[in-house]
Amino acid sequence: MDTDKTASRRLYGVEVAVRIITLTDPISYRDGGSGMGHLQYRVDDGPYIVPMTNRLVFEGLTPGKHTIEVSLADGSFRPMGAKADLEIVVP
């Protein structure tokens with residue numbers, strides 16, 4: 001992302017590299033499935049966001065420190081173990 005252009009709009013992009021697991025719409029495999037999962041994102045312990053992609057852009061975050069959590073879950077929305085927290089500071 002172009003840092004100068006995105007900073008004024010407070011845009012922050014996250015891209016996750018996923019290996020071994022096939023990213024799938026969780027509604028299509030509710031009972032789980034070997035080798036399938038989906039990414040869940042959330043900001044500051046807010047509600048989960050479940051996009052059908054490994055890239056997500058957050059816009060309009062308030063100034064200050066924020067934590068963006070990215071985790072891998074199965075079709076029943078149970079954590080699969082992989083999780084990362086990204087600490088950012090919005091000017």
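Please give the net charge around THR67, taking every other residue with its beta carbon less than 10 angstrom from that of THR67, where Lys and Arg add +1 and Asp and Glu add -1.
-3
In whole angstrom, the chain maps to an equivalent ellipsoid with semi-axes of 27, 13, 10, each derived as √(5λ) from the alpha carbon gyration tensor and ordered largest first. For the chain, the fraction of 1.4 Å probe accessible surface lying on carbon and sulfur atoms is 53 percent.
The values are calculated or read from the model by the stated rules, or taken from the named source; none is laboratory data. Quick caveat, the model's predicted, so the values are computed rather than measured. Cβ sites come from the backbone with ideal geometry, for glycine too, and all protein chains shown count toward neighbours. Remember, those area values only see protein heavy atoms, side chains included, never the ligands or the DNA or RNA. Shrake-Rupley method; radii C 1.70, N 1.55, O 1.52, S 1.80 Å.
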